[in-house]
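Asker: I have a structure I would like to understand better, so I am pasting it below and will then ask my questions one at a time.
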Amino acid sequence: MVSFESLINKIKKKKKLLPKKINIGNHNNNQQQCEIKKKFILILSWIPQITPVTPGPSSINLAIVLLINAVKEAYEDFRRYQSDKKINNQICKVIENNVIIEKFWKDLGEGDIVLIEDGQQFPTDLIILASSGESSPGHCYIETSNLDGETNLKYKQALLETNSILVESNSIATNNTSLESFQFFKDNESIIECEAPSVNLNKFDGTIQLKNGDISTKYPLTIDQLLVRGTTLMSTKYIYGCVIYVGHETKYMMNTMKTSSKRSKLELTMERILIYLLGFQLLLCLFSTLMGMKGDIQYGDSAWYLQIEHNIGFATFQRYFTFLILFSTIIPISLYVTMEIIRFLQVIFINKDRKMCHRENGVKTFACARTSNLNEELGMVEYIFSDKTGTLTRNEMEFKVCCINGKQYGSLPISSEDILENENLGNSISNDQQTPNNINNNIFNNTQTDLPLAICNTVVPEHSDTSSSSDKIKYSSSSPDETALVEAASNLGFKLYNRTSNSITIKTPPSECYPNQESPFKTFSILNVIEFTSNRKKMSIIVKDNTTNEIILYSKGADSSILPLVKDANNSSSNNLVGEVDTIMSSTISDNIMEKTKESLRVFSVNGLRTLCISKRILTTEEYGKWNAEYKEASLSMEDRDVKMEEASKLIECQLSLMGVTAIEDRLQKNVNNTISTLLKAGIKIWMLTGDKQETAINIGVSCSLLSDLELLILNESSIESEKKFNSEKQFGLVIDGNTLAYILLSKECEDLFYKLVNLCKSCVCCRVTPFQKSEVVRIVKDRTNSITLAIGDGANDVSMIQKAHLGIGISGKEGRQAVLASDFSIAQFRFLSRLLLVHGRYNYKRLCVVICYFFFKNLLSCLLQFWFSTSNLFSGTTYYDSLNTMLFNLVFTSLPIIVLGVFERDLCSKYLLKHPQLYQETQRGKCFNHKVFWSWIVLSIYCSAVIYFFSSYIYNESATDWSGKVGGLRNVSAFAFTCLVFIVNLRLAMIIQHWNYLNFISIGLSLFAFFLVECIYSLVYSFLGYRGEFYHVFLKVVEQPIFYTSLVLVILVCLVPPFTIKYIQRNYLPEPLDIIQEISK
């Protein structure tokens, strides 16, 4: 039996509703701290010696806020519970005591052997032991759409050693009878050793130990034997697998459990302000307490009727907490709830925006916001780091041209000025040019270049017709490059016909190069496959020609990784060029061919084509045997396996013979150049990070308007262009390669110099960079500036930089969904990025800036009214408002209009924002929420609070309010002042609305109507919630008096005319660009 500790495969994603610890760095910390503070205030409000208010309404206020969060959490928790229950209770067939039984997924444990049939999902991470093997022994197909969005089938391969043990029991298994073959694993104590659970979906290291008698043998396990939970078995009758990871340790769960911890810059700024306000609140309470103590000392003996406490110290201590309750609304806990609602609704508008919908093959792909915490961050981006392939380009590869033996075949889209500079090259190309489909296969060099295209790949051929005579084959691969090359080889006559775990069958065309070949099918035994990695930038396969028994290494990759490994042309041997070519080729001709090949590489790259070098090496049996032993030893290592296997591969990937160069065209996406031009005008710096070679990157940069009209500053291993002197009249574009970047990353000083240099350039292109270098480039900028960075990409190699940047955008393209799953937002095409930033980002940022300032304004305004009242009562701690009004102020009377504004407000139509991208710089530079804006709102709240209080006190305390000649009492003054407060807060919001719709009218009208309705009803209620109503008939008596309406209008005019006047003068005499464009748009 396979040895493992038993773990349970049950998943549980339910959140706890009980209180939990507050961890530093949690994005909910400040909201939780506000709730804790509010709970503390609530406790104080129930202490009779301290509280100046009735605790009932205060308790309701907090309860409603907490209830909203609790209902939201409970609903999400219930949904998760239902989902978990459905998943955990699915049935799976398990081999136990040589009999097939059924178990729930949740009951599976490590070491169980399961039977999975066609169309079923894998319940855990499994090691495939055997398969029905319709196409090849141990072979199976899986679909990974749940994991990465790719619908093309991928193949997995069981070890032939384990497959041969179980293959005879396959027919028995389906009949649910005894399975003696599985007893082998138990009797021989077979053990699987594997790496610790990891989130990496593309890597797995393990070994399996099998005993045969006294002989114990270890075999390597790789990603080819791993079946990941959530993927589906397809086009395979059944497989047997051994459970290795269960529950939350599976790769699928480890990837889905990770949540983004990013927080917006605006939210961080808001929280700093909350800290300042908290300090102000504490100081205000302390000042009021000291002033109250002074009054107690001054009037304690003479004013006996005030019943002042003789224990001044204890009374002062109590009074401090009293003022803490009175001024508690300075910190607006409802702000967090309101922002969550607004952000949630903003996300809906982003997801449903039809102008960011891409239609392809009848399928609509909308933008998707994967988080709501960063909506406003989209309006502050200053740096964009973009991948090239699949992000700026279509990722639809088309084989265009190749160079074999110095001769070019195919059509070259000559459009670059650099090509025209070399007239001799242009003449040679035009004379030798042929179409790729007309390559002469009777020339030996041509066949030796075309054949590796069909062999050196991981493409899976799928026959649409099961008849052996059919040539209709569909090629599936996770790499569009490989598919394009295999299809090109097929068009040239070298058709990849069949692939198994240990052989490849190629259908070859009639050729004089194979005079003795009786069958068009040529079979090669697969000995080793050295996979492509971003660091190696090449892939190799070692095969044995079953016709000639030659052992051949085929390798393809970037010129930077292949050309240094090519054998010197002057060193002729049997391993140089193949066949008779070596005997007739002199070193001079070989040098000439190499120069032509290198020049063709440059020409292809300048035209924006993706180039690959094709090479081979013929190995002797002794050479291969010695190397294979070292490679196998490295593949069995459980520590640093990748490093050891890469070192072993270098021993065989050398002394290569260059066979040719291929070039593939990947055209730009629709409107990429217009989008980049728009973003550059918006003041955004754009960097292109690509693994392509320098010439290709420059060509694409020029084509997409990133490097157009710029003088290029090139930094690479051979250039000295860094000595150029910067001219203030010129604009520069920086081009740097991966090797130079690797040197820069070695020290902080070099990073600082690089950052200073790149800041002098308008754009930057980094070529030949690895995924790690992409993330490091983002880090260099992110650590040295307060600017918001955005990374956008479509592939797994872009995940690191997407996660490193403040904002990550995933393109839902042809390279799966790993970039999308790691992103904060996803779009279908690069062209939608301008609308996402310049429209949605700008709107959302400006809206939330107003929301935050408005909340500080209205809460500080209500608290300052209480403060002014305290100055008139010797800071005794008496409340100015009725408790119910205090509760409903934020909850009912002022909540709805600001939510409507936060979702629907727009200062300009979207088409004008895209037409005038310079307007984006207003939000990019934080002009909507800075010290000037914040303090203007604070000063206005202080001014309005003073006007409301002193006007109310004078009107209702110092003069008669009706025909009877009576003056108003405390509650009359309070009722009038609170009415002024509600009207001014709502009308101030109305003043800043720039796009009125019916929802604005309804929300403001409904809020004011609700105020009058509640106040009137409340005035008729003598007692409410168990306490005597001090507001009985107060409001009705106030509104009966004519002076109420004239005074209300007067107070509103005195409060709101000054800000209106300032805005009028600014707009008409000191207009901003936005004001001018708003007038033009009318």
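The values are calculated or read from the model by the stated rules, or taken from the named source; none is laboratory data. Note that the structure is predicted; figures quoted are calculated from it, not measured. Please note: Cβ atoms are built from the backbone with ideal geometry, for glycine as well, and neighbour counts cover all protein chains shown.
Asker: Return a yes/no flag: does region 930-939 have any residue that is farther than 25 Å from N375 by Cα, in a helix (DSSP H, G or I), modelled with pLDDT of 90 or more and not polar (S, T, N, Q).
Answerer: yes
Rundown of residues vs (1) of a type outside the set (A, V, I, L, M); (2) assigned to a loop (DSSP other than H, G, I, E, B); (3) assigned by TED's automatic domain parsing to the domain that holds F182, yes/no style:
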{"residue": "L210", "(1), (2), (3)": "no, no, yes"}
{"residue": "V243", "(1), (2), (3)": "no, no, yes"}
{"residue": "I273", "(1), (2), (3)": "no, no, no"}
{"residue": "Y276", "(1), (2), (3)": "yes, no, no"}
{"residue": "G279", "(1), (2), (3)": "yes, no, no"}
{"residue": "L283", "(1), (2), (3)": "no, no, no"}
{"residue": "S288", "(1), (2), (3)": "yes, no, no"}
{"residue": "M291", "(1), (2), (3)": "no, no, no"}
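Asker: Considering every residue within region 741-763, establish whether at least one is touching an Asp or Glu at 6+ places or on another chain (Cβ under 9 Å), at pLDDT 90 or above and either β-branched (V, I, T) or outside the structural domain of S705 (by TED's automatic domain parsing) (or both).
Answerer: Yes, the conditions are met somewhere in region 741-763.
Asker: May I pose another question? Have a look at L378, L374 and point out the one that is modelled with pLDDT of 85 or more, surrounded by 18 or more Cβ atoms within 10 Å (Cβ to Cβ) and out of contact with any helix residue (DSSP H, G or I) (no Cβ under 7 Å at 6 or more places or on another chain).
Answerer: L374 is the lone residue from the list that is modelled with pLDDT of 85 or more, surrounded by 18 or more Cβ atoms within 10 Å (Cβ to Cβ) and out of contact with any helix residue (DSSP H, G or I) (no Cβ under 7 Å at 6 or more places or on another chain).
Asker: Mind checking whether some residue in region 109-120 is in contact with a strand residue (DSSP E or B) (Cβ under 6 Å, 6 or more places away or on another chain), assigned to a loop (DSSP other than H, G, I, E, B), in the same structural domain as T236 (by TED's automatic domain parsing) and surrounded by 22 or more Cβ atoms within 10 Å (Cβ to Cβ)?
Answerer: yes
Asker: Which strands (runs of 3 or more DSSP E) does region 314-387 wholly contain that include 2 or more residues that are in contact with a Phe, Trp or Tyr (Cβ under 8 Å, 6 or more places away or on another chain) and in the same structural domain as L707 (by TED's automatic domain parsing)? Steps first, answer last, please.
Answerer: Values: elements: 358-360, 363-365, 381-386.
Because the criterion is at least 2 residues that are in contact with a Phe, Trp or Tyr (Cβ under 8 Å, 6 or more places away or on another chain) and in the same structural domain as L707 (by TED's automatic domain parsing), the strands (runs of 3 or more DSSP E) in region 314-387 that meet it are 381-386.
Asker: Can you tell me which residue within region 790-847, out of those that are assigned to a helix (DSSP H, G or I), among the hydrophobic types (A, V, I, L, M, F, W, C) and in contact with a Phe, Trp or Tyr (Cβ under 8 Å, 6 or more places away or on another chain), is surrounded by the fewest Cβ atoms within 10 Å (Cβ to Cβ)?
Answerer: Checking each candidate, the answer is L836.
Asker: Continuing with the same structure: Can you give me the number of residues within region 624-643 that are buried (at least 17 other Cβ atoms within 10 Å of the Cβ) and without any contact (Cβ under 8 Å) to a residue 60 or more places away in the chain?
Answerer: 2
Asker: Name the single residue that is surrounded by the fewest Cβ atoms within 10 Å (Cβ to Cβ) among those in region 531-561 being within 19 Å of R499 (Cα to Cα) and within 31 Å of the chain's Cα centre (by Cα).
Answerer: E531
Asker: Now a separate question. Do you know which residues across region 629-665 are β-branched (V, I, T) and within 22 Å of P452 (Cβ to Cβ)?
Answerer: Of everything in region 629-665, those that are β-branched (V, I, T) and within 22 Å of P452 (Cβ to Cβ) turn out to be I652, V661, T662, I664.
Asker: Can you go through T222, T231 and tell me which one is over 25 Å from the mean Cα position of the chain (by Cα) and not assigned by TED's automatic domain parsing to the domain that holds I802?
Answerer: None of the other options fit; the residue is T222.
Asker: Which one is modelled with the lowest pLDDT, of the residues in region 990-1029 that are aromatic (F, W, Y) and under 26 Å from C1055 (Cβ atoms)?
Answerer: Here the answer is Y1018.
Asker: May I ask you to verify whether I614 is within 30 Å of K598 (Cα to Cα), touching a Phe, Trp or Tyr at 6+ places or on another chain (Cβ under 6 Å) and either surrounded by fewer than 24 Cβ atoms within 10 Å (Cβ to Cβ) or touching a residue at least 24 places away in the same chain (Cβ under 8 Å) (or both)? Walk me through how you get there before you give the answer.
Answerer: Values: within 30 Å of K598 (Cα to Cα): yes; touching a Phe, Trp or Tyr at 6+ places or on another chain (Cβ under 6 Å): no; either surrounded by fewer than 24 Cβ atoms within 10 Å (Cβ to Cβ) or touching a residue at least 24 places away in the same chain (Cβ under 8 Å) (or both): yes.
No: the conditions fail for I614.
Asker: Next up: Within region 649-663, which residues are part of a strand (DSSP E or B) and hydrophobic (A, V, I, L, M, F, W, C)?
Answerer: Residues satisfying the conditions are L656, L658, M659, V661, A663.
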